[in-house]
Number of protein chains: 4
Amino acid sequence: MIVAMQEKATEEQIQTVVERMVEIGFNVHRTTGAVQTILAGVGTPAQFDHKDFELLPGVAEAVRISSPYKLAGHSFRPEGTIVRFPNGVEVGGNEVVVMAGPCSVESRDQIFAAATHVKAAGAKFLRGGAFKPRSSPYSFQGMGLEGLKLLREVGDATGLLVITEVMDISQIGLMLPYIDCFQVGARNMQNFNLLRELGTVRKPVLLKRGIAATIEELLLSAEYILSGGNYDVILCERGIRTYETYTRNTMDVSAIPVVKHLSHLPIVGDPSHGTGRRDMVSAMARATIAAGADGLLIEVHPNPEKAVSDGAQSLFPAQFAKLMDELRIIAPAVGRTIAQPVAAAVAV
Amino acid sequence: MIVAMQEKATEEQIQTVVERMVEIGFNVHRTTGAVQTILAGVGTPAQFDHKDFELLPGVAEAVRISSPYKLAGHSFRPEGTIVRFPNGVEVGGNEVVVMAGPCSVESRDQIFAAATHVKAAGAKFLRGGAFKPRSSPYSFQGMGLEGLKLLREVGDATGLLVITEVMDISQIGLMLPYIDCFQVGARNMQNFNLLRELGTVRKPVLLKRGIAATIEELLLSAEYILSGGNYDVILCERGIRTYETYTRNTMDVSAIPVVKHLSHLPIVGDPSHGTGRRDMVSAMARATIAAGADGLLIEVHPNPEKAVSDGAQSLFPAQFAKLMDELRIIAPAVGRTIAQPVAAAVAV
Amino acid sequence: MIVAMQEKATEEQIQTVVERMVEIGFNVHRTTGAVQTILAGVGTPAQFDHKDFELLPGVAEAVRISSPYKLAGHSFRPEGTIVRFPNGVEVGGNEVVVMAGPCSVESRDQIFAAATHVKAAGAKFLRGGAFKPRSSPYSFQGMGLEGLKLLREVGDATGLLVITEVMDISQIGLMLPYIDCFQVGARNMQNFNLLRELGTVRKPVLLKRGIAATIEELLLSAEYILSGGNYDVILCERGIRTYETYTRNTMDVSAIPVVKHLSHLPIVGDPSHGTGRRDMVSAMARATIAAGADGLLIEVHPNPEKAVSDGAQSLFPAQFAKLMDELRIIAPAVGRTIAQPVAAAVAV
Amino acid sequence: MIVAMQEKATEEQIQTVVERMVEIGFNVHRTTGAVQTILAGVGTPAQFDHKDFELLPGVAEAVRISSPYKLAGHSFRPEGTIVRFPNGVEVGGNEVVVMAGPCSVESRDQIFAAATHVKAAGAKFLRGGAFKPRSSPYSFQGMGLEGLKLLREVGDATGLLVITEVMDISQIGLMLPYIDCFQVGARNMQNFNLLRELGTVRKPVLLKRGIAATIEELLLSAEYILSGGNYDVILCERGIRTYETYTRNTMDVSAIPVVKHLSHLPIVGDPSHGTGRRDMVSAMARATIAAGADGLLIEVHPNPEKAVSDGAQSLFPAQFAKLMDELRIIAPAVGRTIAQPVAAAVAV
């Protein structure tokens, strides 16, 4: 921490600040300039709020210097983290990985149709919500356990990994047998009890950035999971709230190179929530990969116009296949590969 | 819902939109202008997303007309809601009600000292956190059950009502015997499982606006609680995130008259979190009451410089007493009263 | 400026940074900690961008310490600035000063009616736009010079000072004979050529905060005027753009105590633009004064429903008179006075 | 415009609204539902503010339906606009066009070196500022006319078109002989006097989005230029202000597909201002092209570390050349071409 004193700070005020800094565990180095005195606190006290110092008499400004996250920081693993899944799929490696599927699991037919389509186009994960928190109490709330079972069955049948959203500590145990990756939604990015618990399981977690969260806060939330011993964390940019209302959120594509700079964790983008409009999803998916993301999370529905939730932002299967073709052109520009389409095969 | 067609929309496109509107339960009235056709959907379908319609061919714009909340809306109770507490205190009535105390319960001495001070100055509620979610996993996390017991003991001794934050469904039962009002924090404003559960208890709930929540979303979250049958909801403005960084948040004082216009629920302001700086709290507390709020939630600590959390935004007892004196001048400007200071009495 | 090096920065990287700091005029004090090295640059180089340093190899963070404004800073005039007008009115003194009138000058009858009403209720300034920049090229653009003449005539007849918006350097000379105070609108807050020119005139300037400007940027824009030798600058908070759309802007009431803390310049609030809705204006005007502002800028129209611009945010005369009565109750809470109503007198 | 009445609106209130709508030029179609009455105003009144209607008694909501811009709207020219330059370069055609060069013209050597580098890598335009508005009055303010002459001389010598920023009406005539395209900066996006004047010249204008401007406001500002008869307008996304502070602005990449949907005008991206950090520029430039932009505006400096302005966001020549190679891989994914590198040739 650096504390810059006001130009007219008295020696007594300076001494008071020095004492407070020493008290919480800093070694203090003092620089006395012609105009103002600057106090550099060296060390890593367990806990302090630099804003407390801004309110002391004679202080002009207090600035925290060391980043508040350690395990999530780039220097902890400069070579980068690769999250490995049982079937060999790797997120954070050379290949761009695409996770796709409907917003909600609605029925066996629907989820199977979705899985078949996205698998054929080159997706590696099937996404789908079993528990659906909705901003209105009068909306569809999800299929629950039955949805989990359908995801697993269809994932196994098609050879896709399964990712779904966990909303409450009580759901963790319920989900464990059925899924390959937990997804923490934007609204739960700072549900610290949930994060702490996910730190104790041994399954990867995809952590979405909150709608009003800074990148630093996203990394601090990841720190909660990492500090519990679960190092398999994938970050996800999904749009932040700004004054622009044409799109549902403003997708902060620059979060991708920023996270690559600050952290070793892989990051994917979610252009479906990032835009909220089907006609903008492909453009933003291309932008995400061109910016260097490790993958995508995309809503695809066999019949978006009949979807019970998020239909407006779900791609038609043909749109998704076309997007995958475009991504195959872009990936080499950032030195990456991406899966080829596969002939649809399975029947259930 | 209103759907405005593009100028060049074909009759076929218009028919498709009409059919979709009828399908989900609207009666459709069509207005054919020289330039464009407008379709007014009348009725109240249980569930629809107007954005789905914006993506249909030929549609220029789709606008939801009726507000998505019903029970929280002004017309549900035009006379306004008064939340009544066992000892006769009313929030939403003529008297401005102040809730004050430390961020966290730290010890018996600390919470008792805080309670004595705020009671003497005219507060009606003792606030204090027993479970503390923190953005860093390395910070103090609260006293838990022991904190709840101290709050109750000290509340009873001083004649103050007790309000504390609930963060998880599992804490509701634990808290019920000890508190007079649940507080839902900004991060949980859209924790719908928690809200739904709080709808089933019969204790008042103070619901804070999320850091990136619109006023409409705040009312929709209140709707979750109301729709469960718990009508004793108090809203709270506590600052939103903007690009201005000098203050911790930007306190949206205008939310107070807006809520008064849109809803029947009482609303209080939290200038401690709204600003994050002790030297700005009194100014914003005065502004809150001058704007017509029903009360305040303020952090006061017997020794803010030693507080384990939020010290920088906690008032010293003498500052709080002075603020209460200022509020006693302002309240009549909005036709309100406020409690007089009382001689400190009890000893524990 | 403080430069914090990365934990693994090499001695060579540190030396490069030191050399660059010395090169631009800093004396450098080095603090070598167990974990990282911190370089404190002391001195006041004429011009540098601390972000340049963040991109040097081995640098973790660079932080500017001294505020970039000097003349606008609190320490330049700790006793505060009072802007004095020819007729004895003072902005920044003990009395709260209210400036009121229509958005646009529309006709002699309209501006005279407005002036008579606001004068009677206790206003000291008549506001009104003669040149109107509008976001649509198809809207009313103002009466121009004729409007200026009407403002002066009516101001003289009623004993009100005149304030109007200047939008272009070419208008300064035109306006000088007719007005008592220039108003710089939010869109021109960073029109540096205009600000520089206003620094050379000897009439007060009211400078509005831009819709996306930080408080620091507002003070830096004031610095442009002050550095030209014009010290009579009044700041104005008028709402910033956020994601909340119910109000036209989000009025940042906390800017008032923040400016009082950082600067010696007086600050007023404009709740008309701050909210954009007539039914919210009075609540926010009260909040502004309760927060400690030196005055208000308010739109009042003799017949708002017929106004050619901003009718929706203009008060009816009776609403304004009622508001002034409320403010007379509030002002003593912040140790201020405010003008009493006067019997309407003049006829033109 | 649509006006939705409150559920309990009286017939008298409804009639008042109908009369006001007719008065300003609407034909009114009334839909009387079981719950509420909806009034659809058909027609295109020259000027009205739908917010006026929201304040009438009995009104629940008023919604403007037709977009306030006409000439900038997609339906005005569904085939899209191509801006053609004298040497055959087209912006908005099949080829992605890159404009590059330093923030400021500093010297003949500097601008010539920059031009040579960007030409060799495939740029078609040389950018550079001659007049520099700076947020601090104590910073470098540009070379002025001499800078314009250098741009022209070097542009001619290298075969690059010249684009530079115009900040004031008085500069238009001065610039006309020297440049190929005017650039309007973010701070001037709503300088309507300047826009109107640029509508009367016959040179293309690149219009940057304001830091707090919605996409609709950007199009409305373009309308000012178009309505003067100048149809050669190129839009530019350059980042908006959000709460995220790691990057200088948040580049809204989604503005690119949104503008393509709403308008016929070409749009380019400026990742230099969009991020403010050299190490993020290439990622965002790739994202911009992948999202479908017609081109880029990029700061490149022969020696960024010595740049007098914006050095931190300027690319080194070698970085720019590498970026162009990456863009050549991406362009085909969106069906576009981009210029090949050329052997550097000229000497001055």
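Can we say D:I215 is of a type in the set (A, V, I, L, M, F, W, C) and touching a residue at least 40 places away in the same chain (Cβ under 8 Å)? Give the derivation first.
On the way: of a type in the set (A, V, I, L, M, F, W, C): yes; touching a residue at least 40 places away in the same chain (Cβ under 8 Å): yes.
Criteria met by D:I215.
Look through segment B:38-87, keep the residues that are open to solvent by 10 Å² or more (accessible area, probe 1.4 Å) and among the polar types (S, T, N, Q), and return whichever of them is farthest from the other protein chains (Cβ to nearest Cβ).
B:N87
Are there any pairs, at least 6 apart or on different chains, whose C-beta atoms fall under 6 Å, with the first in segment A:154-171 and within 14 Å of chain B (Cβ to nearest Cβ) and the second open to solvent by less than 30 Å² (accessible area, probe 1.4 Å) and assigned to a loop (DSSP other than H, G, I, E, B), and if so, which?
Once the first residue is within 14 Å of chain B (Cβ to nearest Cβ) and sits in segment A:154-171, its partners that are open to solvent by less than 30 Å² (accessible area, probe 1.4 Å) and assigned to a loop (DSSP other than H, G, I, E, B) give A:E165/A:G185.
Could you tell me whether C:A9 is in a loop (DSSP other than H, G, I, E, B), among the small types (G, A, S), under 24 Å from A:A62 (Cβ atoms) and open to solvent by 20 Å² or more (accessible area, probe 1.4 Å)?
In short, yes.
Of the conditions (1) under 12 Å from the mean Cα position of the chain (by Cα); (2) open to solvent by less than 10 Å² (accessible area, probe 1.4 Å), C:T214 satisfies every one except a single condition; which number is it?
Condition (2) is where C:T214 drops out.
Look at segment D:109-124 and say how many of its residues are in contact (Cβ under 8 Å) with a residue 60 or more places away in the chain and outside any loop (DSSP other than H, G, I, E, B).
Residues in segment D:109-124 being in contact (Cβ under 8 Å) with a residue 60 or more places away in the chain and outside any loop (DSSP other than H, G, I, E, B): 10 in total.
Of the residues C:L262, C:L207, only one is touching a helix residue (DSSP H, G or I) at 6+ places or on another chain (Cβ under 9 Å) and surrounded by 24 or more Cβ atoms within 10 Å (Cβ to Cβ); which?
Every option except C:L207 fails the conditions.
Out of the residues in segment D:224-240 that are at the interface with another protein chain (Cβ under 7 Å from one of its Cβ atoms) and either without any contact (Cβ under 8 Å) to a residue 24 or more places away in the chain or crowded, with 24+ Cβ neighbours inside 10 Å (or both), state the one that is nearest to D:M284 (Cα to Cα).
If we filter segment D:224-240 for residues that are at the interface with another protein chain (Cβ under 7 Å from one of its Cβ atoms), which is where we start, we get D:224, D:227, D:240.
This time we only want the ones that are either without any contact (Cβ under 8 Å) to a residue 24 or more places away in the chain or crowded, with 24+ Cβ neighbours inside 10 Å (or both), so: D:224, D:240.
Working: D:Y224: 30, D:I240: 14 Å.
The residue in question is D:I240.
Filter segment B:255-287 down to the residues that are at the interface with another protein chain (Cβ under 7 Å from one of its Cβ atoms) and touching a residue at least 40 places away in the same chain (Cβ under 8 Å), then identify the one that is nearest to the chain's Cα centre (by Cα).
Here the answer is B:V258.
Could you tell me whether segment D:208-228 includes any residue that is at positive phi and not charged (D, E, K, R)?
no
Please go through (1) open to solvent by 20 Å² or more (accessible area, probe 1.4 Å); (2) within 22 Å of D:V205 (Cα to Cα) for D:R108 and return the number of the only condition it doesn't satisfy.
(2)
Just give me the residues in segment D:19-28 being surrounded by fewer than 18 Cβ atoms within 10 Å (Cβ to Cβ) and either within 35 Å of the chain's Cα centre (by Cα) or within 14 Å of chain B (Cβ to nearest Cβ) (or both), in sequence order.
Hits for segment D:19-28 are D:I24, D:G25, D:N27.
What's the number of the only condition in (1) more than 16 Å from A:V89 (Cα to Cα); (2) away from every other protein chain (no Cβ under 14 Å) that A:R209 fails to meet?
(2)
Restricting to segment C:288-301, count the residues that are farther than 17 Å from D:L56 by Cα and either more than 20 Å from the chain's Cα centre (by Cα) or away from chain B (no Cβ under 14 Å) (or both).
Total meeting the criteria: 5.
Out of segment D:144-186, which residues are within 19 Å of D:N87 (Cα to Cα) and in a loop (DSSP other than H, G, I, E, B)?
D:G159, D:L160, D:L176, D:P177, D:Y178, D:I179, D:D180
Have a look at C:M324, C:M280, C:M284 and point out the one that is over 20 Å from D:D52 (Cβ atoms) and open to solvent by less than 10 Å² (accessible area, probe 1.4 Å).
It is C:M324.
Under 8 Å between Cβ atoms, which residue pairs at least 6 apart in sequence (or on different chains) link something in segment A:21-41 that is under 13 Å from A:K8 (Cα atoms) with a partner that is open to solvent by 70 Å² or more (accessible area, probe 1.4 Å) and assigned to a loop (DSSP other than H, G, I, E, B)?
Matching pairs, first to second residue: A:V35/A:E7; A:V35/C:T44; A:Q36/A:Q6; A:Q36/A:E7.
Condition first: out of contact with any strand residue (DSSP E or B) (no Cβ under 6 Å at 6 or more places or on another chain) and outside any loop (DSSP other than H, G, I, E, B). Now tell me which residues in segment C:315-328 satisfy that.
So the first thing to find is which residues in segment C:315-328 are out of contact with any strand residue (DSSP E or B) (no Cβ under 6 Å at 6 or more places or on another chain), and the list is C:316-319, C:321-326.
Within segment C:315-328, C:P317, C:A318, C:Q319, C:A321, C:K322, C:L323, C:M324, C:D325, C:E326 qualify.
When residues of segment C:187-200 are filtered for being within 12 Å of the chain's Cα centre (by Cα) and not in a loop (DSSP other than H, G, I, E, B), how many remain?
Adding up the residues that qualify gives 2.
Give the number of residues within segment B:79-91 that are in a loop (DSSP other than H, G, I, E, B) and in contact with a Lys or Arg (Cβ under 9 Å, 6 or more places away or on another chain).
4
Please give the number of the condition D:V308 fails out of (1) β-branched (V, I, T); (2) away from chain A (no Cβ under 14 Å); (3) touching a Pro at 6+ places or on another chain (Cβ under 7 Å).
(3)
The values are calculated or read from the model by the stated rules, or taken from the named source; none is laboratory data. These numbers were taken from a predicted model, which means no experiment stands behind them. Every residue, glycine as well, gets a Cβ built from its backbone with ideal geometry; the counts of neighbours run over all protein chains shown. These accessible areas exclude ligands, DNA and RNA; they are computed on the full protein's heavy atoms, side chains included. Shrake-Rupley method; radii C 1.70, N 1.55, O 1.52, S 1.80 Å.
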